[in-house]
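The values are calculated or read from the model by the stated rules, or taken from the named source; none is laboratory data. These figures come from a predicted structure and were not determined experimentally. All Cβ positions, glycine included, derive from the backbone under ideal geometry; neighbour counts span all protein chains shown.
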Amino acid sequence: MKERIETGLAALGLTPPPQAAGQLAAYGQMLLEQNQVMNLTAITQPDQVVDLHFLDSAALLTTGETFHGKTLIDVGTGAGFPGLPLKILEPSLEVTLLDSLGKRVHWLETVCTSLSLEGITCLHARGEEQSHQAGFRDSFDFAVSRAVASLELLCELCLPYVKVGGKFLAMKSVDSAAEVDKAAHGIAKLGGRLLPRFDYTIPGTDVAHRVIVVEKVSPTPQGYPRRWARIQKSPL
């Protein structure tokens, strides 16, 4: 995996720290091993883990945003994507990995310890609840999500975490135009505004993805996010 990681990162134009490729390869091996006893990913081939998890996550570093020394929360991180690869590739980034499943969070803590990562927090919490807590609301430079929920739902979950001037980066497919249109009203209501999207192709594949960029221009009004059932039933 290490050679494929190095080749892919170079194709993205990234120059990661010397230890990064080895750390990602070790992470990938731990993922594949743990996936035999826990449902972490449907991707079970090492090359696909590199392409569809690591390089896909790394592509966020090519969007033109400055991540050095910033704070980032990955909402609904699952097996750690994209937040954990971003931390490995940009060690100065302060990262919070948030997920509602305790077993996943415990495993992520094990991975971070094994890789000797500092400045990363694995948090067991619900996304729609944690953003109401002090120190989380309107607090992060970046919120990111690669979750499969629709953009209008993700924006209500993620934008409350972002400080004014920060950005929410939603990883989506390139055919997400209708989804973006549906989310536009809610984005404005939550204190955000859409910026130009960023499209990319994962190196070594024909897989094209899109990053939807939402800038936070004003604090999210109190009362948002609502309870998850309410968010689903009545999207903004």
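Taken residue by residue, the range 202-209 has no member that is farther than 30 Å from Asp47 by Cβ and either among the small types (Gly, Ala, Ser) or in contact with a Pro (Cβ under 9 Å, 6 or more places away or on another chain) (or both).
The residue that is surrounded by the most Cβ atoms within 10 Å (Cβ to Cβ), among those in the range 74-117 that are under 15 Å from the mean Cα position of the chain (by Cα) and among the acidic types (Asp, Glu), is Asp74.
Rundown of residues vs (1) in a helix (DSSP H, G or I); (2) buried (at least 24 other Cβ atoms within 10 Å of the Cβ); (3) of a type in the set (A, V, I, L, M, F, W, C); (4) in contact with a Ser or Thr (Cβ under 7 Å, 6 or more places away or on another chain), yes/no style:
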| site | (1), (2), (3), (4) |
| --- | --- |
| Gly13 | no, no, no, yes |
| Gly22 | yes, no, no, no |
| Gln29 | yes, no, no, no |
| Met38 | no, no, yes, no |
| Val49 | yes, yes, yes, no |
| Asp56 | yes, no, no, no |
| Gly69 | no, no, no, yes |
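Here the strands (runs of 3 or more DSSP E) wholly within the range 85-166 that include at least 1 residues being aliphatic (A, V, I, L, M) and free of Cβ contacts under 8 Å to residues at least 60 places away in the same chain are 94-99, 120-124. Filtered by the rule that a residue be surrounded by fewer than 21 Cβ atoms within 10 Å (Cβ to Cβ) and more than 11 Å from Phe198 (Cα to Cα), the range 209-223 gives Glu215, Val217, Ser218, Pro219, Pro221, Gln222, Gly223. Restricting Phe198, Phe136 to those that are within 23 Å of Gly64 (Cβ to Cβ) and of a type in the set (Phe, Trp, Tyr) reduces the list to Phe198. Applying the set (1) crowded, with 18+ Cβ neighbours inside 10 Å; (2) within 19 Å of the chain's Cα centre (by Cα); (3) modelled with pLDDT of 95 or more to Ala147 leaves exactly one unmet item: (3). Within the range 162-183, the set of residues being touching a Leu at 6+ places or on another chain (Cβ under 9 Å), of a type outside the set (Val, Ile, Thr) and surrounded by 16 or more Cβ atoms within 10 Å (Cβ to Cβ) comprises Lys167, Phe168, Leu169, Ala170, Met171, Lys172, Ser176, Glu179, Ala183. For the range 209-236, which positions are of a type in the set (S, T, N, Q) and in contact with a strand residue (DSSP E or B) (Cβ under 7 Å, 6 or more places away or on another chain)? If the condition is that a residue be of a type in the set (S, T, N, Q) and in contact with a strand residue (DSSP E or B) (Cβ under 7 Å, 6 or more places away or on another chain), then Ser218 is the only one that fits. In the set (1) out of contact with any Ser or Thr (no Cβ under 7 Å at 6 or more places or on another chain); (2) closer than 20 Å to Leu60 by Cα; (3) at pLDDT 95 or above, His132 fails one condition alone, (2). Pick from the range 184-208 the residues that are crowded, with 16+ Cβ neighbours inside 10 Å and in contact with a His (Cβ under 8 Å, 6 or more places away or on another chain): which of them is nearest to Val144 (Cα to Cα)? It comes out as Tyr200.
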